[in-house]
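Notes to accompany the following structure.
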Amino acid sequence: IRRLFPFQFTPGQNQAVKDIVADLASGLAMHRLLQADVGAGKTAIAMYGMLVAVAADFQAALMAPTELLASQHWQTIDTALANSRVKRTLLTGNLTPKQRKKTLQEIADGEVQLIVGTQALIQQDITFSNLGLAVIDEQHRFGVGQRAKFSLGDHNPHVLVMTATPIPR
């Protein structure tokens with residue numbers, strides 16, 4: 001996975017990756033907060049975790065609060081994975097009904113392993129085949145109920161929430 005990144009991780013990023021990978025392997029559902037400044041590399045850490053989940057035959061999803069931010073994450077991830085076999089898609093409200101139907105079917109069938117999107121990821125009409133990791137960016141912009149939707153039903157995926165906003169104790 002590290003070869004996909006054109007830079008060396010910082011000691012803090014290495015520790016975060018180590019902790020996340022240990023959580024993913026623990027057999028217990030992770031619920032972890034990743035807090036760092038804007039530009040500190042949270043997306044790289046999240047991408048690493050998502051690729052670990054995909055390598056273990058799970059799906060991974062990254063939810064952002066706006067289409068602009070989802071598109072930025074998508075561009076970063078799609079560029080980094082350009083030469084990989086990871087099947088990925090972007091799910092936002094901008095899809096035509098035909099595109100949305102096709103994308104939802106690919107997610108439900110497990111054809112798509114990595115999904116980046118907006119709140120479209122938690123709508124009633126989406127069914128994941130085998131969601132292993134849900135990453136929620138700017139978690140403070142979502143309500144508790146929205147963040148919990150990934151864990152409803154039979155799924156109890158690992159959850160990584162990210163923020164650049166300091167969380168008061």
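The values are calculated or read from the model by the stated rules, or taken from the named source; none is laboratory data. Since the structure is predicted, the reported quantities are computational estimates derived from the model, not experimental observations. Note that we place each Cβ from the backbone using ideal geometry, even for glycine, and neighbour counts take in every protein chain shown. Areas reflect the complete protein model, heavy atoms only, side chains present, ligands, DNA and RNA absent. Shrake-Rupley method; radii C 1.70, N 1.55, O 1.52, S 1.80 Å.
For the chain, what class follows from the C-alpha gyration tensor (a ≥ b ≥ c being the square roots of its eigenvalues): rounded when a/c is under 1.5, otherwise prolate if a/b is larger than b/c, else oblate?
It comes out rounded by the Cα gyration axes.
Report the calculated FRET efficiency for residue 164 and residue 83 (r = Cβ-Cβ distance, R0 = 45 Å), to the nearest 0.05.
Using R0 = 45 Å, I get an efficiency of 0.90.
Want the number for residue 109 to residue 9: 0.36 nm per residue separation, take away the alpha-carbon distance, what's left?
Stretched fully, the residue 109-residue 9 segment lengthens by 32.6 nm.
With no solvent and one point on each alpha carbon, what is the Debye value of log10 I(q)/I(0) for region 1-72 at q = 0.16, 0.27 Å⁻¹?
-0.62, -1.49
Using alpha carbons only, how many degrees (0 to 90, rounded to 10) separate the axis of helix 67-80 from the longest principal axis of the chain?
70 degrees
Where the centroid of each part is defined by its Cα atoms, how far is region 89-133 from region 47-70 in Å?
Each part's Cα centre sits 12 Å from the other's.
Keeping every protein chain in place, order 89, 10 by accessible area at 1.4 Å, biggest value first, i.e. largest first.
Largest to smallest exposure gives the sequence 10, 89.
Mind putting together the pair-distance distribution for region 62-104? All Cα pairs, 10 Å bins, whole percent per bin, short to long.
Using 10 Å bins, I get a P(r) of 27, 50, 23 for region 62-104.
Under 15 Å from the Cβ of residue 4, count the other residues' Cβ atoms, weight Lys and Arg +1, Asp and Glu -1, and hand me the total.
My count for the surroundings of residue 4 gives +3.
Kindly express, to the nearest 10 degrees and within the range 0 to 90, the angle between helix 97-109's C-alpha long axis and the longest C-alpha principal axis of the chain.
On a 0 to 90 degree scale, this one is about 60.
For the chain, give the magnitude of the charge dipole about the Cα centre (Cβ charges: +1 Lys/Arg, -1 Asp/Glu; no others), in debye to the nearest 20.
About 140 debye.
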